[in-house]
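Trainee: I am attaching a structure below and will ask some questions about it afterwards.
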Amino acid sequence: TWLTCEETEDRAGTNGYTKDHGFIFEVDPVDPHRTGAVPLTAMGRFQHEAIAVDPRRGVVYETEDAFERPFGLFYRFLPEKPLGGRGSLRAGGRLQAMRVPGVPDLSSIQETGASFDRVEWVDVPDPLADGTPIRFQDFGRGGITHAQKLEGCYWGGRSVYFVSSFAHSDEGSAADHYGQIWRYDPERRRLTLVIVFGPDTDVQLPGESPDNICLAPSGGLMVCEDGNGAQHVFGVTRRGEVYAMARGAQNIGTEEEPEWGEFAGVTFSPDGGTMYVNCYTPGTTFAVTGPWRR
């Protein structure tokens, strides 16, 4: 099965909704009616963006793309029945949010390679956000760590990678950047900034506003852009070098004022021979053959 996320936290009675929104749902790709539209409420009600699953422990990591300050949190969900198969997430579990001691806002970290040990995970007081959105809730004296535009999330190797697409101080972030990619190693409880694109980044070149990500067969990352200017799929090597893989050529604007649709959903076939990636508008899926392990 796969998990799909609602990127809204609107309540019943607003915008024509008859039910609360902001949940994760499990979908059977062969027979969607088998699982039904049952919200996995224990996994939290907020503006979900992406999830990644630790295949050895069954822990689910979640990003929150909150549009307003205080910005979103990075979560983990500890299932009651880890790796229990289809429907097991309905049994519930514990939702926790990441606290990096001394770092209330990830945007303040601007040095590639910066690393933080002893990352803490704090139980979410009210996962259903019945009275207060989770990011506003009281996490105790140590507070909690926020970040603007938390988006892509992917498990690779022994770590989970997640993205902050950008941060703007004039919108409430502690500092400016055009994208951060983070890696969290659960065994070491270590958070590392893999790469940061500074505020002077040229938006016409590959390497800004990262969104969806995945681990490439070569061991580096493959990244979809969702920003201003040209739209790329670009790679990040293990040494932190950025290289262009593709540039969007489908103009959804005008000849005088061109606009390019964002790339999304990059992934590789199980044998590592084909990369699949979507263009959001116009809806297009591309298949790109390798060799990808070089």
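The values are calculated or read from the model by the stated rules, or taken from the named source; none is laboratory data. These figures come from a predicted structure and were not determined experimentally. Positions of Cβ are generated from backbone atoms using ideal geometry, with glycine treated the same way; all protein chains shown enter the neighbour counts.
Trainee: Of the residues SER164, SER159, SER173, only one is without any contact (Cβ under 8 Å) to a residue 60 or more places away in the chain, among the small types (Gly, Ala, Ser) and either in contact with a Leu (Cβ under 6 Å, 6 or more places away or on another chain) or under 27 Å from GLY261 (Cα atoms) (or both); which?
Mentor: Of the residues listed, the single one that is without any contact (Cβ under 8 Å) to a residue 60 or more places away in the chain, among the small types (Gly, Ala, Ser) and either in contact with a Leu (Cβ under 6 Å, 6 or more places away or on another chain) or under 27 Å from GLY261 (Cα atoms) (or both) is SER164.
Trainee: Please list, ordered by first then second residue, the pairs with beta carbon atoms under 9 Å, 6 or more apart or interchain, first in the stretch 66-93 and free of Cβ contacts under 8 Å to residues at least 24 places away in the same chain, second assigned to a helix (DSSP H, G or I) and of a type in the set (Ser, Thr, Tyr).
Mentor: Between residues of the stretch 66-93 that are free of Cβ contacts under 8 Å to residues at least 24 places away in the same chain and residues that are assigned to a helix (DSSP H, G or I) and of a type in the set (Ser, Thr, Tyr), the close pairs are PRO79/SER88; GLU80/SER88; LYS81/SER88.
Trainee: Can you tell me which residue among GLU257, GLU241, GLU187, GLU225 is acidic (Asp, Glu) and surrounded by 13 or more Cβ atoms within 10 Å (Cβ to Cβ)?
Mentor: GLU225
Trainee: Next up: Suppose the filter is more than 17 Å from the chain's Cα centre (by Cα), within 21 Å of ARG189 (Cα to Cα) and in contact (Cβ under 8 Å) with a residue 60 or more places away in the chain; does PRO55 pass it?
Mentor: So PRO55 passes the test.
Trainee: Which of the residues spanning the stretch 97-120 are surrounded by fewer than 18 Cβ atoms within 10 Å (Cβ to Cβ) and farther than 21 Å from VAL196 by Cβ?
Mentor: Selection gives ARG118, GLU120.
Trainee: Scan the stretch 243-274 for residues that are assigned to a loop (DSSP other than H, G, I, E, B) and in contact (Cβ under 8 Å) with a residue 24 or more places away in the chain and jot them down.
Mentor: GLY248, GLN250, ILE252, GLY261, GLU262, GLY272
Trainee: Anything in the stretch 102-117 that is within 19 Å of GLY172 (Cβ to Cβ), β-branched (Val, Ile, Thr) and in a loop (DSSP other than H, G, I, E, B)? List them, or say none.
Mentor: The one that is within 19 Å of GLY172 (Cβ to Cβ), β-branched (Val, Ile, Thr) and in a loop (DSSP other than H, G, I, E, B): ILE109.
Trainee: In the set PHE234, PHE286, which member is in a strand (DSSP E or B), buried (at least 19 other Cβ atoms within 10 Å of the Cβ) and at pLDDT 90 or above?
Mentor: Sole residue among the options that is in a strand (DSSP E or B), buried (at least 19 other Cβ atoms within 10 Å of the Cβ) and at pLDDT 90 or above: PHE234.
Trainee: Determine whether the stretch 118-128 contains at least one residue that is of a type in the set (Phe, Trp, Tyr), without any contact (Cβ under 8 Å) to a residue 60 or more places away in the chain and assigned to a loop (DSSP other than H, G, I, E, B).
Mentor: Scanning the stretch 118-128, I find no residue that is of a type in the set (Phe, Trp, Tyr), without any contact (Cβ under 8 Å) to a residue 60 or more places away in the chain and assigned to a loop (DSSP other than H, G, I, E, B), so the answer is no.
To keep it simple, each residue is scored yes or no on (1) surrounded by 15 or more Cβ atoms within 10 Å (Cβ to Cβ); (2) closer than 28 Å to VAL103 by Cα; (3) under 13 Å from the mean Cα position of the chain (by Cα).
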site	(1), (2), (3)
CYS5	yes, yes, yes
GLU9	yes, yes, no
ASN15	no, no, no
LYS19	no, no, no
HIS33	no, no, no
THR41	yes, no, no
ALA66	yes, yes, yes
LEU78	yes, yes, no
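Trainee: From (1) under 21 Å from the mean Cα position of the chain (by Cα); (2) surrounded by 15 or more Cβ atoms within 10 Å (Cβ to Cβ); (3) acidic (Asp, Glu), pick out the condition that doesn't hold for ASP126.
Mentor: If we test ASP126 against (1) under 21 Å from the mean Cα position of the chain (by Cα); (2) surrounded by 15 or more Cβ atoms within 10 Å (Cβ to Cβ); (3) acidic (Asp, Glu), just (1) comes out false.
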